[in-house]
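Just so it is clear, none of the values below were taken in a lab; they were calculated from the coordinates. Source: prediction; values computed, not measured. Neighbour counts are summed over all protein chains in view; Cβ atoms, including those assigned to glycine, are modelled from backbone coordinates with ideal geometry.
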Ligand SMILES: [Zn+2]
């Protein structure tokens, strides 16, 4: 068990790593519990055999993960069986301690991960898969089952930020990891199976398709103009100003000109950095304030908590660090009370998005909800 300050960057956030009954790692961030070693995992858990496979889609030029072991995972348990609540004397959960601030642990049913040996080529290169190594972690934002990220204090959000920074650095150093992705799916409409406030962290064994496309766009723009595409897009949005939602000293939040979703906000630090690890302390602190403000505006859009996806975009581990701009993309699939935008024929079939809400109108609406 390790118990140490998380890093020189966040000396105030304590980090303690323990091992669960089936060998998975769990990391407590923050001051509770005082002595995690006093709370061993008392469950009898068999190891889950994880054997995800990555298959290359030659036509689209992207990897698809096949994770058939996940069919057995927990689906929408009632509150009394929530695996993300702290353990009590009568009920043992994924988190052995009776209380916590923020916890990260390896997902028991991960999308990524494989102990299968690399298979030698079987002679048909078009139909050859490979073990999808990598790692999937769950991050619990609060011990309170009915809370949401929007309810948290800036202090709790700062511990979550410290955990994101820590995991981004640590997972990037794992063998074979090419990209680290921190995200939150919120709401049953998004397909969330556990309502307890939590997010996920994926460490991919390849660069994801969207990041790959963004880097290709950056490269083309650099060749054509000698400039950075992210910098110029942010400057253009700031100059136009119609789609700006929030402006801080260190961050700008705006609805992008070509928003794909009914309500979509991108949050960029003014000083471009490739990833969370490079974010200055002052920018980390201001992010927490602005992000909580944005989430609360989203919840006020339609009177009931908004289903949303919140996605941290970071540079891959081994390339693009000099061009990529860390940013967060937050969007809801709800376009009106009781109405969701579904990815139907055009979007799912052709990857061609249509958005029924003008980004300028979405930004105006979000500004008014402050
Ligand atoms: Zn819970």
Original post:
Each label point is 7 Å from the Cα along the Cα-to-Cβ direction; what then is the distance between the points at residue 340 and residue 51, in nm?
Top reply: 3.3 nm
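Can you tell me which of 307-318, 348-359 comes out highest on packing, and rank the rest after it, using the mean Cβ neighbours within 10 Å? Show your work: numbers first, answer last.
Details: 307-318: 21.0, 348-359: 12.0.
Top of the packing list down: 307-318, 348-359.
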**OP:** Compute the Kirkwood hydrodynamic radius of the chain, taking the inverse of the mean of 1/r over all pairs of distinct Cα atoms, and give it in Å to one decimal.
**Re:** 21.9 Å
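Beyond 18 Å, what share of the Cα-Cα pairs of the stretch 300-370 is found? Please give it as a whole percent. Each step should come with its number before you reach the end.
Details: 1396 of 2485 pairs.
Taking all Cα-Cα pairs of the stretch 300-370, the fraction more than 18 Å apart is 56 percent.
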Subject >> Highest average packing first - 269-278, 154-163, Cβ atoms within 10 Å >> reply: 154-163, 269-278
Original post:
Per residue of the chain, what 222 nm ellipticity follows from adding -39500 (n - 2.57) for every DSSP H run with n ≥ 4, rounded to the nearest 500?
Top reply: -7000 deg cm²/dmol
